[in-house]
1. What are the extents of the Cα atoms of the range B:765-839 along their three principal axes, listed from largest to smallest and rounded to whole Å?
2. Using a 4.7 Å Cβ cut-off, which Cys residues in the protein assembly as shown lack a partner cysteine?
3. May I ask you to derive the relative contact order of the range B:266-362, considering only C-alpha pairs under 8 Å and at least 6 residues apart, and to give it as an integer percent?
4. For the protein assembly as shown, with the dipole built from +1 on Lys and Arg beta-carbon atoms and -1 on Asp and Glu ones, taken about the Cα centre, which of B:Pro195, B:Leu862, B:Ile311 lies farthest toward the positive end?
5. For chain B, what is the charge dipole size about the Cα centre, in debye to the nearest 20, if Lys and Arg each add +1 at the Cβ and Asp and Glu each add -1 at the Cβ?
6. Where the centroid of each part is defined by its Cα atoms, how far is the range B:88-107 from the range B:372-437 in Å?
7. Give the distance, in whole Å, between the Cα centre of the range B:198-253 and the Cα centre of the range B:839-896.
8. Do the sum for the protein assembly as shown: with -39,500 (n - 2.57) for every DSSP H run of n ≥ 4, divided by all residues, what is the mean residue ellipticity at 222 nm, to the nearest 500 deg cm²/dmol?
Amino acid sequence: MSTHTRKDPLDLLQGTLDLLILQTLAFGRAHGHAIARSIERESEEVLRVGHGSLYPALQRLLKLKLIVAEDGVSENNRKARFYRLTAKGRAALNHEATQWERFSRAMARILRPAPQESR
Amino acid sequence: MLTRWSRRRKQLAEEIQAHLALETNENLEAGMTPDEARRAAQRRFGNELLALERSREIWGALWLERLVQDVRFALRQLRTSPGFTVTAILTLALGIGATTGIFSLTRALLLDPLPIPDPGSLVRISLVVRNGGSAVPDLPLNNFMIASLRRHASTLSGVFGWCPYFFVLQQDNGLHTYDGAMVSGNTFQVLGLRPAAGRLLTPADNQPGGGPDGWAAVISYRFWQEHFGADRSIIGKTLTLSDHTITVVGVAPRGFEGVMVGSQPDFYLPLEYEPVLRGANSVLGQRGNVWLITWARLRPGVSFAAAAAQIRALFRPVIDETLPADVLHTPVVEHSGFGVDRGSTGWSTLRATYTRPLLVLQILTGVVLLVGCVNLAGLCLARATAREHELAIRAALGAARARILQQILVESLLLACAGGAFAVGVAWFTDRWLLRFLDNKEAARALAVHPDAALLAVTAAGAALCALLFGLLPAWLASRLPLEPALRNNSRTLSRGARRNFAVRRMFLPGQLALTLALVSVAAMLGATVVHLRSGALGFRPENILLANTDFERLPQKGEALLQLYRRMMVRMQQMPGVDHVSVAEDTPLSGSSHVGAFSSDESPEPAANPFRYETDEVGANYFAALGTPLLAGRDFSGTDADAGTCILNRTAMNLLFPALPAIGRTVRQRISSMSTGTAYTQECRVIAVAGDMRYVNLRDTPPPVVYLPVTAKSDHLFSMTFVIQAHSLADARAAYLTALHEFAPATPNTDPTSLAGQMDESMARESLLSVLSRFFAVLALLLSGIGIYGLTASWVARRTPEIGVRMALGATRGGIASLVLRQVAGLLALGALVGLPLAFVGGRVIRSFLYEVNPASPGLLLLAVALLAVAAVAAAWLPARRAATIDPVEALRVE
């Protein structure tokens, strides 16, 4: 999903951010600011994303054709660009979400092993 | 694409602003003050510019946009400093242009392969005749030797002979001479060519009396186009060539110009045509005569070295089979052999003469270009110093070192491109000038043939290389600036970077001066050579003497009748206004060709080692008078039959043949070996006069001993002599010749007469060429060095302005300050001279074969070169020195 193939810490963050954006857009179209706010709100302020790093991520997703952009009018009557998922994006979201779930279950099992039968 | 990106950029910027506006609004609603709200929004967002840049990175092809940015910026920078820009472009244009101009001639003469399949397997076989101490290479063979080689040389798959010849074609508008060749029957097969129309010659055409189509001839593609409009109906038609009927059987492929570089043969005929053409003068049947340039192809899989070894080893078997017995056992033949050379580039007489001069010229242009690039590097460094502040800010703002490097390099590349574009024009002019100077048809054809695309490619490559040369170092140095000192806004104390730049420039300059000194010395040496050659004692007076070759081979008159024709023509020419003396000769001085003979007398028998050490010439009456050579004793030839059995010696010959007693009246014996029959006989003649010595074969050698014989009806080359006409002006002489020719031999083709002065100039054409061009390059290098000195001195004065102010305040005079400046230059000059003098000496040694009576280590010459350089240096430093001397100390000391 990420445009880079290497896996380094920054990369993981990028991949994660991409997934969060896709998920947010699954509920309908939104502009940049709304996406940022939504991520913060839904994660109960655990995930704070620098708003500036949102925009490169959006460009990356646009390039991969997972989302498309269209012009619209925002809440305060200013011109804004709205993003929404494509069919490809939706498929990618499902795939990545499944992967992520599997990953987190595996992590949980390792980090909190079932109590061993002992003594 | 660029507009799309800038649109997207704007779009994104707007989007980000909208984002910030929303965030600010929310903050306002949350109760912050407008200021706080905005700041909080910006903090929350992070670095806007970074967001924009990283988004831009994702769009891809960032490098292109950056490149365009750099180009625009570089153009702006160059426009603001026109002096630098013009200097740089001019330097590059002249340097690159001259280099590629000479390179195109070099390539045309030396490098281009023949347009045949697999030229690499073609070899040229020649005779090397060793006579005493000297060796004469590149002599032709004959058809007997070729037949013998075909039988014995297993490493060769085909051998053929080529004899260049001029044919006279009968056309509607008269007689015209065309270049052509007589070739072996298998020539075109060995060369591997296919006809453009009809067929090419085969061994079946090469029979005595003609082949199945009579005398078959192949014409060139060019001739076919120009004279027959590429109409195929010419195949099978007959033409009248040199008074004989030939049949056109085919057309050679397009672009094939024979194997002799620079000539454009239009007719190819078989070798057996030669006796028909030349009648009694035919050499085809003479076993001892050599006249065929020989080529061969290596068998597939055979290396050049193996074939060359076999051919050289075959020398004795071949000549045992072919040469007449009498010639076979002479010492000359004993020591001779075959020479084998690669034939892929054909053969060129011009190449033999001009290879080394062209290489020398190429080196000289390379040196000038180097000096130019070093100069430019210094200038670029100066600019980099001036831009230090700006570059430091860029680095502080986050520009990568590579990015700064790229930006400065783009500027160099732009200059190089502009310089390269003008260089093409300079190269074109250089070539035209070279052609006019060489005034040689072969050179003209060689240069005209070339496609300019290759020249452009070479120019572009040269420009790119130069850009790297002069741009890389300054760019690299500039990108490694330590930031903090450069950011300090204090133009008085120079940063370490600027000081280092200046030191580098100071280091460059002596090197430049050394190269310039070497160039100036070489130019001086070559100039002195030309002066010596021209002013040396010639032994004759070259002014106003016209030399007109004759081509009377096809006239009906032969022998005695032909001799009378000459005499009548000479009488007629003598009568014309303005003509002083008319004579005729077989060879003229400095023509490049001569004949040798074996002479002896009672006192001086023929030496065994080198019997052919005398030059011999057949001349008519008044020859010496026409040339202005004094007769030291005796009387001239009379121009009548009473001359039979007499001869005239020059002073050197007299000293050799008759060292003790006077020569007049004594007998000289000549041993003549007939090339055709192989027998030898002795001919005697009585000495009737002694003439002064003259420069004979070339201007360098001391006058050789010459025995002059009278022109008789039995002379070998009676059909091709040279009229020597001395008149009040060349125009008078020319008019006389044309009148006589028209009256007595109107059917002969007009060979273009030359002047003796022109022939003399041509004999030193190489040296003249080198002298003129090296002088031009020396002046160019002096100019460039001057610019370098000016730039450096100006920088130095600018740097030391406060110090100068202090000095003046303390009482230094204007003269003192000026001399301070000049002392700096003198120091660099001394260093440059120290390195340059050995270089000049080495340069002189390299070109010593072109020098004449010039010592490369001559102190006078080197001193002259140093003096010239010093004058240029002082002239260049004068303006900055004057400026330094007129500094107002108050201004200088004022702190900004």
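FYI, it's all coordinate maths here, none of it is from the lab. Note that the structure is predicted; figures quoted are calculated from it, not measured. Quick reminder, even Gly has a Cβ in these numbers, built from the backbone with ideal geometry, and neighbours come from all protein chains shown.
1. 62, 22, 19
2. B:Cys163, B:Cys373, B:Cys380, B:Cys417, B:Cys466 - these cysteines have no disulfide-compatible partner (Cβ-Cβ under 4.7 Å) in the protein assembly as shown.
3. Computed over the range B:266-362, the figure is 21 percent.
4. The one lying farthest along the dipole's positive direction is B:Leu862.
5. The calculation lands at about 4060 debye.
6. Taking the Cα centre of each part, the range B:88-107 and the range B:372-437 sit 17 Å apart.
7. 65 Å
8. -18000 deg cm²/dmol
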